[in-house]
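Have a look at the structure below, then the notes.
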Amino acid sequence: MSTPGSLATFNINDGYLEGIVRGYHLNLLSGSDYTNLTQCDVLEDLKLALQNTTGYGADFMSDEHPPLYTTTIQEHATQLMISQFEYIRRNSVQPLTKFLEFITYGYMIDNVVLLITGAMHDRNIAELVNKCHPLGVFPAMEAIAVENQSVEDIYNTVLIDTPLAPYMKGCLTDAGGSLDEKEMEVVRNTLYKAYLEDFDRYCTEELGGITGEVMHQLLEFEADRRAINITLNSFNTDLQKEDRVNLYPKLGLLYPVCTEKLAKADDPEEVVKAVMELAKEYSKYMQSLSSESDKTLEDSFFEHEVALHQRSFEQQFGYAIFYSYFKLKEQEIRNILWIAECILQDHKNEINHYIPLDVVV
Amino acid sequence: MDVTNSTFKYTDLEIFFIEISPYTFANLGAALAISLSVMAAAWGIALTGTTILGQAVSSPRIRTKNIISVIFCEALAIYGIITAIIVQLKIKDTQVFYGSDYFAGFAIFWSGLLVGFSNLACGIAVGVAGSSAAIADAANPELFIKVLVIEIFASALGLFGLIVGIVQANAADFGLNKFPLM
């Protein structure tokens, strides 16, 4: 079957995996679990508290001895998430397999940028490959991390065989030559823009149905968030306004009217004005830009994203829950890392600034 | 039944239907009753069974209670067997076909079709409802009994089909020898 199947046929191919993912979702850390974590005084207590939860289990980090580091905790938690992803991927059939591969392309883009940036700074190749996100590995990764290559060289030798090949078209038109940090950000944003647009096209046109509807909403928010962040980060840099327009994905509530205004903006005030006028849904988040508020814009966006992902579980017989679960799991790992860092550095007053996963928007 | 030598003027379409033996329709009806009902049960069990299996990995407590969704689907196959066996007992050999034999053939055919398709609809409904019930049960154990009421209503559809089908097939009687063809 090339589509996920409707109400009466979805379960035949994907019913078991939907049950599995919903089970993983039920075992995400709850409010009371987070309370227990925030009350720990040392990282060993944190590890014991995590071992008491059903999501992590008594085997979590069982062979790690003190002194523990926050990176160790993050690595083990990420390893758990990856084993869950691999279990689902191995048991899936098309088109769910293709959908799950689409999820990995985002990580691939981050890995490619990491390798090229590392090569520019003459880092050890093996070390860089270890730092890559395991969900985004592809063959011949080490060949990227060779210095003094232009984008075209990297494309022709390595990336042309990967699924990222069609997304490189936007980067190849730039003049060749060696790359620097700012250009790598432009490359990353161009790749991600092409990836979001392709993912949206795949979900709405090829998969359709409930999957298309829910994924479209999730990807729209992702695109809007990127547009606002690119605009805010591009002030006081060399990025020209014409180039800025090319980095905004062609989807989302802000496209096309508001992105035109954002492309011409010169300071955060104009961004706030444009968004509040044309995209009422995000206006309450803009307050953190204009006034002194407790939450940063990034945190508000994380909360909105978590609420959207939690809502996607209300629909059965769609693939969006797979995408949403892994985004929520990533957020949970970020939360655990935040709490661990606060415990380690004794910043107990900041410890409650993680993003709770039961927020309602 | 050969009517080429009769005195009554039949149209071609009438001849077509008269020349087809009523046993064709009767046996086809019995076959449809059982096969469509079994297809319904299989479809329903596939829909609900996969979700129960998937959710049971993380919440093993739902296993026993959710078997009832599978039992509801299984009941549809039983309805099909009941219909098929009841109508098969009515199919007797006769030598000359009377009007009542043609009636019997058609009655059994349509009753089989009726039971088959109503069970098919019921099977899909119970399957989808059972799948959602398993997910709700895994999330919150108190929900299960309430969600079960929805499934009970869905499974009543198959019962309606069975009742009407049996009533319809009851009038069929091969060998009654009434209403000779002219």
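The values are calculated or read from the model by the stated rules, or taken from the named source; none is laboratory data. Keep in mind the model is a prediction, meaning the values are calculated, not measured. No Cβ is skipped: glycine too gets one built from the backbone with ideal geometry, and neighbour counts run over all protein chains shown. What goes into the accessible areas is simple: the full protein's heavy atoms, side chains included, and nothing from ligands, DNA or RNA. Shrake-Rupley method; radii C 1.70, N 1.55, O 1.52, S 1.80 Å.
Short-range pairs are left out: with C-alpha atoms under 8 Å and at least six residues apart, the relative contact order of segment A:214-279 is 36 percent.
Which shape class applies to segment B:1-98: rounded if a/c is under 1.5, otherwise prolate when a/b exceeds b/c and oblate if not, where a ≥ b ≥ c are the square roots of the Cα gyration tensor eigenvalues? It comes out prolate by the Cα gyration axes. Helix B:67-88 and the longest principal axis of the Cα set of chain B meet at an angle near 10°.
Spatial offset of segment A:1-65 relative to segment A:271-316 amounts to 26 Å, using the alpha carbon center of each.
Listed by chain and number, the lysines whose alpha-carbon sits under 17 Å from that of A:Lys261, ignoring those within fewer than 8 places in the same chain, are A:Lys241, A:Lys250, A:Lys273, A:Lys280. Per-residue accessible area for A:Ser32 at 1.4 Å probe radius, Å² rounded to 10? Counting only protein heavy atoms, A:Ser32 exposes about 70 Å² to solvent. Each peptide in A:63-70, A:246-253 was scored by the mean count of other Cβ atoms within 10 Å over its residues; highest first, the order is A:246-253, A:63-70. Label positions at B:Ile78 and B:Phe16, each projected 7 Å from the Cα along the C-beta direction, are separated by 4.2 nm. Dividing the convex hull volume of the alpha-carbon atoms in the protein assembly as shown by its residue count gives 216 Å³ per residue.
So which of A:Lys47/A:Lys329; A:Lys264/A:Lys327; A:Lys98/B:Lys65 end up more than 28 Å apart by C-alpha?
Working: A:Lys47/A:Lys329 17 Å; A:Lys264/A:Lys327 32 Å; A:Lys98/B:Lys65 35 Å.
Exceeds cut-off: A:Lys264/A:Lys327; A:Lys98/B:Lys65.
What is the Rg over Rh value, at two decimals, for chain B, using alpha-carbon atoms and the Kirkwood definition of Rh?
1.21
Shielding value for B:129-138 is 3, the average number of Cβ atoms from other chains within 10 Å of each residue's Cβ. Which angle from 0 to 90°, rounded to the nearest 10, does the C-alpha axis of helix B:143-170 make with the longest principal axis of chain B? Once rounded, the angle reads 10 degrees. Expressed as a whole number of Å, what is the distance separating the alpha-carbon centroids of segment A:79-158 and segment B:14-38? Each part reduced to its Cα centre gives a spacing of 62 Å.
Across chain A, Cα pairs under 8 Å and at least six residues apart give a relative contact order of 21 percent. Ordered by 1.4 Å accessible area with all protein chains kept, B:Trp110, A:Trp338 run largest first as B:Trp110, A:Trp338.
Using a simple spin-label model with pseudo-atoms 7 Å out from Cα toward Cβ, A:Ser62 and A:Leu48 lie 1.7 nm apart.
Would you mind computing Rg(Cα) / (2.2 N^0.38 Å) for segment A:209-259, counting N as its residues? Let's see the in-between values first.
Numbers: Rg = 12.6 Å, N = 51, 2.2 N^0.38 = 9.8 Å.
Dividing the Cα Rg of segment A:209-259 by 2.2 N^0.38 Å gives 1.29.
Ignoring lysines fewer than eight residues from B:Lys178 along the same chain, the ones with Cα atoms less than 28 angstrom from its Cα are B:Lys9, B:Lys90, B:Lys92.
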